[in-house]
Amino acid sequence: MIQPHRVGAKIKLMKITILGTGCPKCKTLERNVREAVTEMNLDAEVTKEEDIINIMNYGIMRTPGLVIDEKVVSSGHLLSVKQVKDLLGA
């Protein structure tokens, strides 16, 4: 299960990035990720990267993509809320 990282006395929040240029699947993945984070009561920063050059820098060729703590965990698949929760360790 992915948890906030403890760095000294501080807790480093989980960083989740959705990679996508704005297509319907990318928008749905963003909604599913936000819903999963809320349901799991996680302290996470959720952002969306829409710049194609930045997306390509992650090494993916198909969107939507999902990155957790700078590690690509999914590419080219629309994940359900349950699938996202599984990746987050529910």
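The values are calculated or read from the model by the stated rules, or taken from the named source; none is laboratory data. Note that the structure is predicted; figures quoted are calculated from it, not measured. So basically every Cβ, Gly included, is an ideal-geometry build from the backbone, and we count neighbours across all protein chains shown.
Summary table below
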{"read-out": "Subset of the range 43-71 that is of a type in the set (A, V, I, L, M) and touching a strand residue (DSSP E or B) at 6+ places or on another chain (Cβ under 6 Å) - its residue that is surrounded by the most Cβ atoms within 10 Å (Cβ to Cβ)", "value": "L66"}
{"read-out": "In the range 1-38, residue surrounded by the most Cβ atoms within 10 Å (Cβ to Cβ) [restricted to those that are among the charged types (D, E, K, R) and modelled with pLDDT of 95 or more]", "value": "E30"}
{"read-out": "Tally, over the range 43-90, of residues that are among the hydroxyl-bearing types (S, T, Y) and more than 17 Å from T28 (Cβ to Cβ)", "value": "1"}
{"read-out": "Some residue of the range 59-66 being at pLDDT 95 or above, under 17 Å from L88 (Cα atoms), part of a strand (DSSP E or B) and not small (G, A, S)", "value": "yes"}
